1. Evaluate the distance, in nm, between pseudo-label points positioned 7 Å from the Cα of ASP137 and of LEU46 along their respective Cα→Cβ axes.
2. When N counts the residues of segment 222-304, how does its alpha-carbon radius of gyration compare numerically with 2.2 N^0.38 Å, as a ratio?
3. Along the principal axes of its C-alpha atoms, what lengths does segment 68-119 span, in descending order and rounded to whole Å?
4. Of the trypsin sites (Lys or Arg not before Pro) in segment 195-260, which ones lie in a loop per DSSP and count no more than 14 other C-beta atoms within 10 Å?
5. Treating only the Cβ of Lys, Arg, Asp and Glu as charged (+1, +1, -1, -1), what charge dipole size does segment 128-186 show about its Cα centre? Round to the nearest 20 debye.
6. For segment 72-216, give the magnitude of the charge dipole about the Cα centre (Cβ charges: +1 Lys/Arg, -1 Asp/Glu; no others), in debye to the nearest 20.
7. Straight-line reach from LYS85: which aspartates and glutamates have Cα under 12 Å away, leaving out those fewer than 8 places along the same chain?
8. For a quick size check, give me the Cα extents of segment 51-146 along its three principal axes, largest first, whole Å.
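The values are calculated or read from the model by the stated rules, or taken from the named source; none is laboratory data. The model shown is predicted, which means the values in this text are computed figures rather than measured ones. Reconstructed Cβ throughout: ideal geometry from the backbone, glycine too, with neighbour counts over all protein chains shown. These area figures cover heavy atoms from the full protein model, side chains too; ligands, DNA and RNA do not enter into them. Shrake-Rupley method; radii C 1.70, N 1.55, O 1.52, S 1.80 Å.
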Amino acid sequence: MTAATLPSLAVHGFSESAAQARLLAESLGAPYADIEVHRFPDGESLVRVDSTAKTVVVYRSLDDPNDKLIELMLAASALRDGGAKRLILVTPYLCYMRQDMVFHPGEAVSQTVVCGFLDNLFDAVITVDPHLHRTSDLASVFPTARAEALSAAPLLAARLLERDIARDTILVGPDGESRQWVEAVAAPLSLDVLVGQKERAGDRKVAIEIPGIEQAAGRAVILVDDVISTGMTLAGAARLLLAAGTTGAEVMTVHMLGDPTVPALLRDAGIARIESSDSVPHESNAVLLAPMLADSVRRMLGQLR
Ligand code: R5P
């Protein structure tokens, strides 16, 4: 196929999130194609694309990211070799965003390095609720590519509205970094909010306090956080709240990462229900991002013209 006869737009996805990538393609009215990956016994990956388009939307969430980053690099190369003029990465979960500074001497600033890597491969990057804490604006870590950070908070709020939860439910953010998400979800429903304080002593060791926790006695709580990784943060917060007399604890998160043991850990801590967006495929997915992502892709197409 010559460059002139290539389709104008296509969505390409990887096997682990083909369902979400297909939903995005449907929302855009664009064809979908799989990117094939073969992992060799020595750990290397062979990436193959069977078709391309003038503009290709590459869909891949970057949970468990290291192999996925290399495969994205190979896919971008193959798509450009096939004639793609513009590549848009839709990565609902953008990895390495929490290491946004040197916390201890000698550490790499992973956020800058990984965003710089993606910046070299793609003309535009779209993500959802990146963990922006000290970096105020996603565009500042993408030197040349256009970057858009969407928020799932309105969709999480809409989900709570649809579920018709008790009006005295309290939304709880486990730590200061979660404040932006818990307040954004609570505002449209005019729900009360509590925000905890967290000290992390290790990957699986956190100490949490929740000032004002006595307000949770006799009321249901929903814990809201951007990311669940080991689950220790929300498990710790739920135990405190249940000990303080809350009538029931649930969880809502944007990005449900972590290994298959995390739901059991959360249930053992007394959490009755876990809901997440489908940024990372998981049994807890209750909020579909595809329509919002498609709107963002349409905006990008206008800007990249
Ligand atoms: C950190 O600041 C994030 O907002 C989450 O609270 C954190 O990543 C959760 O990690 P874990 O589930 O491992 O406690």
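1. 4.5
2. 1.32
3. Reported extents, whole Å, longest axis first: 44, 21, 17.
4. Filter output for segment 195-260: ARG204.
5. Working: 6 positive and 9 negative charges, 15 e Å.
Around 80 debye, computed over segment 128-186.
6. 420
7. Output for LYS85: ASP123.
8. For segment 51-146, the Cα extents along the three principal axes come out at 45, 24, 19 Å.
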